[in-house]
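Trainee: Below is the structure I would like to discuss, written out as structure tokens.
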Amino acid sequence: MEIAAVPEIASALDVAPSFALALPFYAALVCYAAALAGCFACPRLGAWLLGFGFVLHLGATLGRGWAIGFFPLTNKMESFSGAALALAAVTRITWREIPLYTAPLLALLCAAMISALSFSRDLSFPPPLMRTLWYPLHVPLSFFAYATWAAAAAATVWFRNRDPAWLARIDRLALNGFALWSFSMICESTSSTCTPRCRPVTVRLPSFASSATVRATRKCFRWKPASRGDSGMAQSSPRKVSR
């Protein structure tokens, strides 16, 4: 007797971390901290340090993605790192040689990187819920929205002389963040309807199994006896499984 069942899949599968993949994150943090100090002494040097740290950070993130063969946002470390990467990109794009504007963003960037490195740096494979096209779109767009709103908030610190051009900059950053957030929510709602199915497996009961065992198994899984033309695997859709 064969009973088709949906296997219980672990949310993550940890593998041994690689020091070569973790080292660029520390180097990026050093560059970000140097950019924070440089934005007061030499803003142009701070911009170059921020850009170099972003390149290291992006390369380390791509290396983790290559190692697991998927988008590298599967645990807390990668989530904080992804948020920091988005903030670094927005800070570099909107860079101004104004310490009161750039310093809060760089301080927040360093805090996000320190938080990321405080978690386990083990590589983990994504659960089935994340294996969709929309997940790699939803999360980065959300992070970029947060980073754009952070830039808008930092711009208000410098808004002392009531410059209309600077006020328009604040509004533009806030509206861009709202647009990114809207697109991320569309991707999230789409991903909820495109969750991939799990492959069914076959639970084989011995021929001498008692009727009580069969009844208990039927309560857990909807089963279909294998027909003569089957190759030994009962065909059952995961959607038809009832507990």
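Trainee: Restricting attention to the range 66-84, which residues are in a helix (DSSP H, G or I) and either under 11 Å from the mean Cα position of the chain (by Cα) or β-branched (Val, Ile, Thr) (or both)? Steps first, answer last, please.
Mentor: Residues of the range 66-84 that are in a helix (DSSP H, G or I), as a first pass: 66-68, 76-84.
The answer is Ile68, Lys76, Met77, Glu78, Ser79, Phe80, Ser81, Gly82, Ala83.
Trainee: Still on this structure, I have one more. Based on what the data block shows, is Arg92 outside any helix (DSSP H, G or I) and of a type in the set (D, E, K, R)? Show your work before the answer.
Mentor: On the way: outside any helix (DSSP H, G or I): no; of a type in the set (D, E, K, R): yes.
No.
Trainee: Does Ala22 satisfy the condition of being part of a helix (DSSP H, G or I), of a type outside the set (S, T, N, Q), farther than 18 Å from Phe144 by Cα and touching a strand residue (DSSP E or B) at 6+ places or on another chain (Cβ under 6 Å)?
Mentor: Criteria not met by Ala22.
Trainee: Working only within the range 59-99, note down all residues that are surrounded by fewer than 19 Cβ atoms within 10 Å (Cβ to Cβ) and within 16 Å of Ser115 (Cα to Cα).
Mentor: Lys76, Ser79
Trainee: Turning to a different aspect of this structure: Which one of the conditions (1) among the aliphatic types (A, V, I, L, M); (2) touching a Phe, Trp or Tyr at 6+ places or on another chain (Cβ under 7 Å); (3) surrounded by fewer than 20 Cβ atoms within 10 Å (Cβ to Cβ); (4) over 19 Å from Thr61 (Cβ atoms) does Ala155 fail to meet, given that it meets all the rest?
Mentor: Of the numbered conditions (1) among the aliphatic types (A, V, I, L, M); (2) touching a Phe, Trp or Tyr at 6+ places or on another chain (Cβ under 7 Å); (3) surrounded by fewer than 20 Cβ atoms within 10 Å (Cβ to Cβ); (4) over 19 Å from Thr61 (Cβ atoms), the odd one out for Ala155 is (3).
Trainee: Of all residues in the range 143-164, which are more than 20 Å from Leu73 (Cβ to Cβ) and either out of contact with any helix residue (DSSP H, G or I) (no Cβ under 7 Å at 6 or more places or on another chain) or of a type outside the set (Gly, Ala, Ser) (or both)?
Mentor: Across the range 143-164, the qualifying residues are Ala153, Thr156, Val157, Trp158, Phe159, Arg160, Asn161, Arg162, Asp163, Pro164.
Trainee: Kindly indicate the residue of the range 100-126 that is within 16 Å of Leu173 (Cα to Cα) and among the hydroxyl-bearing types (Ser, Thr, Tyr) and also surrounded by the most Cβ atoms within 10 Å (Cβ to Cβ) among those meeting that condition. Lay out the reasoning, then the answer.
Mentor: As a first pass, look at the range 100-126 and keep what is within 16 Å of Leu173 (Cα to Cα): 101-102, 104-105.
Then keep just the ones that are among the hydroxyl-bearing types (Ser, Thr, Tyr); that gives 101-102.
Working: Tyr101: 22, Thr102: 28.
Looking at residues that are within 16 Å of Leu173 (Cα to Cα) and among the hydroxyl-bearing types (Ser, Thr, Tyr), I get Thr102.
Trainee: Limited to the range 104-122, what total is found for residues that are without any contact (Cβ under 8 Å) to a residue 40 or more places away in the chain and either farther than 13 Å from Ala150 by Cα or not in a helix (DSSP H, G or I) (or both)?
Mentor: Counting residues in the range 104-122 that are without any contact (Cβ under 8 Å) to a residue 40 or more places away in the chain and either farther than 13 Å from Ala150 by Cα or not in a helix (DSSP H, G or I) (or both) gives 3.
Trainee: Give the number of residues within the range 45-100 that are among the small types (Gly, Ala, Ser) and touching a strand residue (DSSP E or B) at 6+ places or on another chain (Cβ under 9 Å).
Mentor: Qualifying residue count, the range 45-100: 1.
Trainee: Tell me yes or no: at least one residue of the range 96-103 is in a loop (DSSP other than H, G, I, E, B), closer than 16 Å to Gly51 by Cα, in contact with a Phe, Trp or Tyr (Cβ under 9 Å, 6 or more places away or on another chain) and not aliphatic (A, V, I, L, M).
Mentor: Within the range 96-103, one or more residues are in a loop (DSSP other than H, G, I, E, B), closer than 16 Å to Gly51 by Cα, in contact with a Phe, Trp or Tyr (Cβ under 9 Å, 6 or more places away or on another chain) and not aliphatic (A, V, I, L, M).
None of the figures in this text is laboratory data; all of them are computed from the coordinates on show. The model shown is predicted, which means the values in this text are computed figures rather than measured ones. Please note: Cβ atoms are built from the backbone with ideal geometry, for glycine as well, and neighbour counts cover all protein chains shown.
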